[in-house]
Amino acid sequence: MTDKYYMKTAIDLAKKGYGYVSPNPVAGAVIVKNGRIIGEGFHEKYGSLHAERNALASCTEDPEGATMYVTLEPCCHYGKQPPCTEAIIDAKLARVVVGTRDPNPLVAGKGINILKEHGISVTEDVLKEECININEIFMHYIQSKTPFVCMKYAMTMDGKIACYTGDSKWVTGETARNHVHHQRHKYTAIMVGIGTVLADDPLLTSRIGNGRDPVRIICDTYLRTPPGSQIVKTAAAVPTIIVTCSSDEGRKKDLENSGCRIISQDPLQDSIDLPQLMKTLGEMNIDSILLEGGGTLNWSALESGIVNKVQAYIAPKLFGGMEAKTPVEGAGFASPPEGIHLKTQSISHLGDDILIESEVIKDVHGDN
(Lines give C-alpha, C1' and ligand atoms only; values in the text may rest on other atoms or scores of the structure.)
Protein backbone atom coordinates (compact mmCIF):
# COMPACT_ATOMS: atom_id res chain seq x y z
CA MET A 1 0.00 0.00 0.00
CA THR A 2 1.13 3.57 -0.66
CA ASP A 3 1.42 6.60 1.61
CA LYS A 4 -1.65 8.07 -0.09
CA TYR A 5 -3.70 4.95 0.70
CA TYR A 6 -2.97 5.13 4.43
CA MET A 7 -3.45 8.90 4.51
CA LYS A 8 -6.86 8.47 2.88
CA THR A 9 -7.74 6.07 5.71
CA ALA A 10 -6.61 8.71 8.23
CA ILE A 11 -8.77 11.35 6.47
CA ASP A 12 -11.84 9.11 6.68
CA LEU A 13 -11.19 8.64 10.40
CA ALA A 14 -10.78 12.39 10.93
CA LYS A 15 -14.22 13.14 9.49
CA LYS A 16 -15.81 11.16 12.33
CA GLY A 17 -14.93 14.08 14.61
CA TYR A 18 -17.12 16.58 12.75
CA GLY A 19 -19.45 18.36 15.16
CA TYR A 20 -17.70 17.16 18.30
CA VAL A 21 -14.24 18.77 18.43
CA SER A 22 -14.69 22.47 17.55
CA PRO A 23 -12.97 24.83 17.88
CA ASN A 24 -10.21 22.22 17.63
CA PRO A 25 -9.36 20.65 14.25
CA VAL A 26 -10.51 17.21 13.19
CA ALA A 27 -7.63 14.75 12.89
CA GLY A 28 -7.10 11.10 12.06
CA ALA A 29 -4.08 8.84 12.56
CA VAL A 30 -3.09 5.39 11.30
CA ILE A 31 -0.09 3.36 12.49
CA VAL A 32 1.44 0.87 10.05
CA LYS A 33 4.11 -1.77 10.76
CA ASN A 34 5.42 -4.34 8.34
CA GLY A 35 2.70 -3.46 5.83
CA ARG A 36 -0.14 -3.90 8.34
CA ILE A 37 -2.31 -1.39 10.18
CA ILE A 38 -1.72 -1.97 13.89
CA GLY A 39 -3.47 1.12 15.27
CA GLU A 40 -6.07 3.73 14.34
CA GLY A 41 -7.55 6.76 16.04
CA PHE A 42 -9.20 10.13 15.61
CA HIS A 43 -9.89 13.19 17.72
CA GLU A 44 -13.29 12.20 19.10
CA LYS A 45 -14.32 15.08 21.35
CA TYR A 46 -13.09 18.51 22.36
CA GLY A 47 -10.79 18.14 25.34
CA SER A 48 -10.24 14.40 24.84
CA LEU A 49 -7.21 12.52 23.51
CA HIS A 50 -5.90 13.62 20.15
CA ALA A 51 -5.81 11.30 17.15
CA GLU A 52 -2.16 10.32 17.61
CA ARG A 53 -2.60 9.21 21.22
CA ASN A 54 -5.82 7.36 20.41
CA ALA A 55 -4.04 5.52 17.60
CA LEU A 56 -1.14 4.57 19.86
CA ALA A 57 -3.53 3.40 22.58
CA SER A 58 -5.28 1.11 20.06
CA CYS A 59 -2.12 -0.62 18.83
CA THR A 60 -2.37 -4.39 18.64
CA GLU A 61 1.41 -4.76 18.96
CA ASP A 62 4.50 -2.74 19.93
CA PRO A 63 4.61 0.34 17.63
CA GLU A 64 8.40 0.72 17.88
CA GLY A 65 9.81 1.21 14.39
CA ALA A 66 6.37 1.76 12.83
CA THR A 67 5.08 4.59 10.62
CA MET A 68 2.30 6.94 11.68
CA TYR A 69 0.09 8.66 9.11
CA VAL A 70 -1.59 11.75 10.53
CA THR A 71 -3.75 14.32 8.72
CA LEU A 72 -2.45 17.33 10.69
CA GLU A 73 0.97 18.11 12.14
CA PRO A 74 1.28 16.66 15.67
CA CYS A 75 0.92 19.26 18.42
CA CYS A 76 3.95 20.14 20.53
CA HIS A 77 2.40 22.27 23.28
CA TYR A 78 0.36 21.68 26.42
CA GLY A 79 -3.35 22.42 26.15
CA LYS A 80 -6.28 20.25 27.18
CA GLN A 81 -3.92 17.36 26.38
CA PRO A 82 -0.12 16.94 26.55
CA PRO A 83 1.94 17.23 23.34
CA CYS A 84 1.43 14.42 20.82
CA THR A 85 5.09 14.78 19.81
CA GLU A 86 6.04 13.40 23.23
CA ALA A 87 3.85 10.33 22.76
CA ILE A 88 5.30 9.68 19.29
CA ILE A 89 8.88 9.99 20.57
CA ASP A 90 8.17 7.77 23.59
CA ALA A 91 6.63 5.12 21.31
CA LYS A 92 9.86 5.08 19.26
CA LEU A 93 8.13 5.43 15.92
CA ALA A 94 10.54 5.47 12.99
CA ARG A 95 8.58 7.67 10.60
CA VAL A 96 5.68 10.13 10.60
CA VAL A 97 3.77 11.06 7.44
CA VAL A 98 1.96 14.40 7.78
CA GLY A 99 -0.91 15.58 5.58
CA THR A 100 -0.50 19.30 6.27
CA ARG A 101 1.15 21.63 8.74
CA ASP A 102 -0.86 23.16 11.59
CA PRO A 103 -1.26 26.95 11.13
CA ASN A 104 -1.74 27.41 14.89
CA PRO A 105 1.18 29.67 15.91
CA LEU A 106 1.81 27.34 18.87
CA VAL A 107 2.64 24.56 16.38
CA ALA A 108 3.30 25.87 12.82
CA GLY A 109 6.20 23.56 11.95
CA LYS A 110 7.53 23.24 15.49
CA GLY A 111 6.01 19.78 15.91
CA ILE A 112 7.70 18.50 12.77
CA ASN A 113 11.05 19.99 13.80
CA ILE A 114 10.89 18.33 17.22
CA LEU A 115 10.25 14.93 15.63
CA LYS A 116 13.21 15.39 13.27
CA GLU A 117 15.45 16.48 16.15
CA HIS A 118 14.69 13.14 17.81
CA GLY A 119 15.71 11.14 14.75
CA ILE A 120 12.22 10.47 13.40
CA SER A 121 11.85 10.64 9.63
CA VAL A 122 9.08 13.03 8.54
CA THR A 123 7.33 13.11 5.17
CA GLU A 124 5.10 16.12 4.56
CA ASP A 125 2.20 17.16 2.33
CA VAL A 126 0.76 13.74 1.47
CA LEU A 127 -2.79 14.45 0.19
CA LYS A 128 -2.21 18.00 1.43
CA GLU A 129 -5.22 19.58 -0.33
CA GLU A 130 -7.61 16.94 1.03
CA CYS A 131 -6.18 17.36 4.53
CA ILE A 132 -6.61 21.14 4.34
CA ASN A 133 -10.17 20.78 3.04
CA ILE A 134 -11.36 18.63 5.94
CA ASN A 135 -10.10 21.37 8.27
CA GLU A 136 -11.18 24.41 6.27
CA ILE A 137 -13.13 25.62 9.31
CA PHE A 138 -10.16 25.36 11.68
CA MET A 139 -7.72 26.79 9.15
CA HIS A 140 -9.89 29.89 8.75
CA TYR A 141 -10.78 30.36 12.41
CA ILE A 142 -7.29 29.91 13.87
CA GLN A 143 -5.97 32.65 11.58
CA SER A 144 -8.90 35.10 11.44
CA LYS A 145 -10.64 34.52 14.80
CA THR A 146 -13.95 34.84 12.95
CA PRO A 147 -16.34 32.03 11.97
CA PHE A 148 -16.03 30.17 8.68
CA VAL A 149 -19.34 30.89 6.92
CA CYS A 150 -20.94 28.41 4.52
CA MET A 151 -23.96 29.73 2.64
CA LYS A 152 -26.38 26.90 1.88
CA TYR A 153 -29.51 26.95 -0.25
CA ALA A 154 -31.71 24.56 -2.22
CA MET A 155 -33.03 25.65 -5.60
CA THR A 156 -34.64 24.37 -8.77
CA MET A 157 -32.84 24.23 -12.09
CA ASP A 158 -34.38 27.60 -12.95
CA GLY A 159 -32.95 29.14 -9.78
CA LYS A 160 -36.02 29.28 -7.53
CA ILE A 161 -36.03 28.54 -3.81
CA ALA A 162 -39.85 28.61 -3.62
CA CYS A 163 -42.90 28.92 -5.84
CA TYR A 164 -44.43 32.35 -6.44
CA THR A 165 -46.88 31.55 -3.61
CA GLY A 166 -43.96 31.18 -1.19
CA ASP A 167 -44.45 27.41 -0.88
CA SER A 168 -41.03 25.73 -0.60
CA LYS A 169 -41.83 22.26 0.80
CA TRP A 170 -40.02 20.60 -0.70
CA VAL A 171 -37.52 21.81 -3.29
CA THR A 172 -35.15 18.86 -2.89
CA GLY A 173 -35.66 15.21 -2.04
CA GLU A 174 -35.22 13.33 1.22
CA THR A 175 -31.58 12.34 0.59
CA ALA A 176 -30.52 15.96 0.10
CA ARG A 177 -32.51 17.14 3.12
CA ASN A 178 -30.88 14.46 5.27
CA HIS A 179 -27.48 15.68 4.08
CA VAL A 180 -28.39 19.18 5.31
CA HIS A 181 -29.04 17.81 8.80
CA HIS A 182 -25.56 16.29 8.79
CA GLN A 183 -24.21 19.73 7.87
CA ARG A 184 -26.12 21.25 10.80
CA HIS A 185 -24.37 18.70 13.00
CA LYS A 186 -20.99 19.61 11.50
CA TYR A 187 -21.18 23.41 11.83
CA THR A 188 -21.11 25.04 15.25
CA ALA A 189 -23.94 27.46 14.46
CA ILE A 190 -26.77 28.02 11.99
CA MET A 191 -27.87 31.52 10.99
CA VAL A 192 -31.08 32.77 9.40
CA GLY A 193 -32.86 36.10 9.04
CA ILE A 194 -36.11 37.14 10.67
CA GLY A 195 -37.87 36.67 7.32
CA THR A 196 -37.21 32.93 7.47
CA VAL A 197 -38.47 32.74 11.07
CA LEU A 198 -41.69 34.61 10.22
CA ALA A 199 -42.34 32.68 7.00
CA ASP A 200 -41.43 29.13 8.06
CA ASP A 201 -41.33 29.02 11.88
CA PRO A 202 -38.35 26.64 11.64
CA LEU A 203 -36.78 24.61 14.43
CA LEU A 204 -33.25 24.71 12.96
CA THR A 205 -32.02 21.57 14.71
CA SER A 206 -30.06 18.55 13.51
CA ARG A 207 -32.44 15.63 13.26
CA ILE A 208 -29.95 12.77 12.95
CA GLY A 209 -29.10 10.01 15.39
CA ASN A 210 -26.51 11.08 17.97
CA GLY A 211 -26.27 14.47 16.26
CA ARG A 212 -25.69 17.76 18.04
CA ASP A 213 -27.84 20.81 17.47
CA PRO A 214 -26.11 23.94 16.22
CA VAL A 215 -26.26 27.23 18.06
CA ARG A 216 -29.13 29.12 16.41
CA ILE A 217 -28.47 32.72 15.36
CA ILE A 218 -31.34 34.97 14.22
CA CYS A 219 -30.58 38.27 12.50
CA ASP A 220 -33.54 40.36 13.61
CA THR A 221 -32.91 44.09 13.15
CA TYR A 222 -36.20 45.30 14.67
CA LEU A 223 -36.72 42.41 17.14
CA ARG A 224 -39.79 40.88 15.51
CA THR A 225 -39.11 37.28 16.60
CA PRO A 226 -42.48 35.95 17.88
CA PRO A 227 -42.49 34.76 21.52
CA GLY A 228 -44.58 31.77 20.37
CA SER A 229 -42.19 30.68 17.63
CA GLN A 230 -40.50 27.29 17.80
CA ILE A 231 -37.15 29.08 18.09
CA VAL A 232 -38.15 30.89 21.29
CA LYS A 233 -40.12 28.01 22.82
CA THR A 234 -37.07 25.72 22.56
CA ALA A 235 -34.42 28.31 23.46
CA ALA A 236 -33.96 26.89 26.93
CA ALA A 237 -32.89 23.56 25.39
CA VAL A 238 -31.07 24.72 22.25
CA PRO A 239 -28.64 27.67 22.47
CA THR A 240 -30.26 30.60 20.65
CA ILE A 241 -28.82 34.01 19.84
CA ILE A 242 -30.91 36.92 18.54
CA VAL A 243 -28.97 39.81 17.01
CA THR A 244 -30.81 43.11 16.90
CA CYS A 245 -30.54 46.89 16.56
CA SER A 246 -33.73 47.38 18.55
CA SER A 247 -33.69 49.47 21.72
CA ASP A 248 -36.83 47.79 23.10
CA GLU A 249 -35.43 46.64 26.45
CA GLY A 250 -38.73 45.09 27.55
CA ARG A 251 -38.90 42.87 24.48
CA LYS A 252 -35.26 41.90 24.94
CA LYS A 253 -35.92 40.94 28.56
CA ASP A 254 -38.89 38.77 27.59
CA LEU A 255 -36.80 36.87 25.03
CA GLU A 256 -33.93 36.51 27.50
CA ASN A 257 -36.36 35.09 30.07
CA SER A 258 -37.30 32.45 27.48
CA GLY A 259 -33.65 31.42 27.21
CA CYS A 260 -32.50 33.52 24.25
CA ARG A 261 -29.23 35.41 24.30
CA ILE A 262 -29.47 38.93 22.88
CA ILE A 263 -26.60 40.60 21.00
CA SER A 264 -27.37 44.30 20.62
CA GLN A 265 -25.87 46.48 17.91
CA ASP A 266 -26.09 50.21 17.25
CA PRO A 267 -29.81 51.16 17.38
CA LEU A 268 -29.18 53.84 14.74
CA GLN A 269 -28.39 51.17 12.15
CA ASP A 270 -31.12 49.89 9.83
CA SER A 271 -29.47 46.49 9.35
CA ILE A 272 -27.19 44.07 11.18
CA ASP A 273 -23.47 44.81 10.84
CA LEU A 274 -22.42 41.32 9.75
CA PRO A 275 -18.62 41.79 9.87
CA GLN A 276 -18.93 43.14 13.41
CA LEU A 277 -21.19 40.23 14.30
CA MET A 278 -18.56 37.78 13.03
CA LYS A 279 -15.98 39.32 15.37
CA THR A 280 -18.38 39.04 18.29
CA LEU A 281 -19.24 35.41 17.51
CA GLY A 282 -15.57 34.54 17.06
CA GLU A 283 -14.89 35.85 20.56
CA MET A 284 -17.63 33.46 21.74
CA ASN A 285 -15.67 30.49 20.26
CA ILE A 286 -18.18 30.05 17.43
CA ASP A 287 -15.83 28.86 14.70
CA SER A 288 -18.33 28.09 11.93
CA ILE A 289 -21.76 29.06 10.65
CA LEU A 290 -24.13 27.35 8.24
CA LEU A 291 -25.99 30.26 6.68
CA GLU A 292 -29.52 29.13 5.75
CA GLY A 293 -30.96 32.54 5.10
CA GLY A 294 -33.29 33.75 2.39
CA GLY A 295 -32.34 35.94 -0.53
CA THR A 296 -32.10 39.15 1.51
CA LEU A 297 -29.70 37.85 4.18
CA ASN A 298 -27.71 35.91 1.58
CA TRP A 299 -27.15 39.09 -0.43
CA SER A 300 -26.10 41.02 2.68
CA ALA A 301 -23.67 38.26 3.64
CA LEU A 302 -22.11 38.13 0.19
CA GLU A 303 -21.93 41.91 -0.13
CA SER A 304 -20.25 42.22 3.27
CA GLY A 305 -17.64 39.61 2.38
CA ILE A 306 -18.27 37.18 5.24
CA VAL A 307 -19.07 34.11 3.08
CA ASN A 308 -16.29 31.56 2.59
CA LYS A 309 -18.14 28.71 0.91
CA VAL A 310 -21.36 28.07 -0.98
CA GLN A 311 -23.37 24.85 -0.97
CA ALA A 312 -26.01 24.79 -3.71
CA TYR A 313 -28.45 21.88 -3.67
CA ILE A 314 -30.02 21.75 -7.13
CA ALA A 315 -33.25 19.85 -7.79
CA PRO A 316 -34.34 18.63 -11.24
CA LYS A 317 -37.45 20.83 -11.15
CA LEU A 318 -38.68 24.07 -12.73
CA PHE A 319 -40.94 26.45 -10.77
CA GLY A 320 -40.97 29.50 -13.01
CA GLY A 321 -42.54 32.79 -11.99
CA MET A 322 -41.11 36.29 -12.14
CA GLU A 323 -41.98 36.83 -8.48
CA ALA A 324 -40.70 33.48 -7.23
CA LYS A 325 -37.89 33.81 -4.69
CA THR A 326 -34.26 33.26 -5.69
CA PRO A 327 -31.27 32.36 -3.47
CA VAL A 328 -29.65 35.80 -3.65
CA GLU A 329 -31.71 38.97 -3.92
CA GLY A 330 -30.78 42.50 -2.88
CA ALA A 331 -29.53 45.11 -5.34
CA GLY A 332 -27.22 42.73 -7.15
CA PHE A 333 -24.06 43.61 -9.04
CA ALA A 334 -24.06 45.93 -12.04
CA SER A 335 -21.81 43.84 -14.29
CA PRO A 336 -20.55 40.23 -14.50
CA PRO A 337 -16.96 41.04 -13.46
CA GLU A 338 -18.27 42.55 -10.22
CA GLY A 339 -20.08 39.36 -9.21
CA ILE A 340 -18.99 36.88 -6.55
CA HIS A 341 -16.56 34.42 -8.13
CA LEU A 342 -16.47 30.80 -6.99
CA LYS A 343 -14.10 27.87 -7.34
CA THR A 344 -15.90 24.53 -7.52
CA GLN A 345 -14.60 22.08 -4.93
CA SER A 346 -16.90 19.12 -5.49
CA ILE A 347 -20.07 17.92 -7.22
CA SER A 348 -22.10 15.17 -5.56
CA HIS A 349 -25.29 13.28 -6.44
CA LEU A 350 -27.83 13.04 -3.60
CA GLY A 351 -30.68 10.94 -4.93
CA ASP A 352 -32.11 12.89 -7.88
CA ASP A 353 -30.53 16.13 -6.63
CA ILE A 354 -27.05 17.56 -7.13
CA LEU A 355 -24.88 19.32 -4.55
CA ILE A 356 -22.25 21.77 -5.81
CA GLU A 357 -19.78 22.95 -3.18
CA SER A 358 -17.69 25.99 -4.06
CA GLU A 359 -15.08 28.15 -2.39
CA VAL A 360 -15.61 31.91 -2.50
CA ILE A 361 -12.62 33.55 -4.20
CA LYS A 362 -11.95 36.54 -2.01
CA ASP A 363 -9.34 38.44 -4.03
CA VAL A 364 -10.72 38.11 -7.57
CA HIS A 365 -11.06 41.89 -7.86
CA GLY A 366 -7.79 42.50 -6.08
CA ASP A 367 -9.43 44.67 -3.43
CA ASN A 368 -10.51 42.32 -0.62
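See the values below:
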| item | result |
| --- | --- |
| Computed over the stretch 249-289, Cα set: Rg, Dmax in Å | 11.9, 31 |
| Under the Debye formula (equal points on every Cα, no solvent term), log10 I(q)/I(0) of the stretch 156-264 at q = 0.12, 0.21 Å⁻¹ | -0.46, -1.14 |
| Accessible area of the chain belonging to carbon and sulfur atoms, whole % at 1.4 Å probe | 51 percent |
| Space enclosed by the convex hull of the alpha-carbon atoms of the chain, per residue, Å³ | 156 Å³ |
| D_trans [Stokes-Einstein, Kirkwood Rh over alpha-carbon pairs] for the stretch 173-230, 25 °C, 0.890 mPa s, µm² s⁻¹ | 200 µm²/s |
| Alpha-carbon Debye profile of the stretch 149-208, log10 I(q)/I(0) at 0.20, 0.30 Å⁻¹ | -0.92, -1.46 |
| Base-10 log of normalised Debye intensity for the stretch 132-179 (one unit scatterer per alpha-carbon) at q = 0.14, 0.22, 0.30 Å⁻¹ | -0.57, -0.79, -1.10 |
| Kirkwood Rh and Cα Rg combined as Rg over Rh, evaluated for the stretch 85-214 | 1.15 |
| The stretch 307-364 versus the stretch 20-53: alpha-carbon centroid distance in Å | 35 Å |
| Point-to-point label distance, Trp170-Lys343, nm (Cα→Cβ direction, 7 Å offset) | 3.4 nm |
| Per residue, in Å², the accessible surface of the chain once ligands and nucleic acids are set aside, probe 1.4 Å | 47 Å² |
| Spatial extent of the stretch 283-349: Rg and Dmax, with the Cα atoms as the point set, Å | 14.1, 43 |
| Per residue, the convex hull volume that the Cα atoms of the stretch 91-161 enclose (Å³) | 124 Å³ |
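The values are calculated or read from the model by the stated rules, or taken from the named source; none is laboratory data. Predicted, not measured: the structure shown is a model, and the values here were computed from it. A quick note on method: Cβ atoms are made from the backbone with ideal geometry, for glycine too, and the neighbour counts reach across all protein chains shown. Surface accessibility is based on the protein's heavy atoms, side chains included, excluding ligands, DNA and RNA. Shrake-Rupley method; radii C 1.70, N 1.55, O 1.52, S 1.80 Å.
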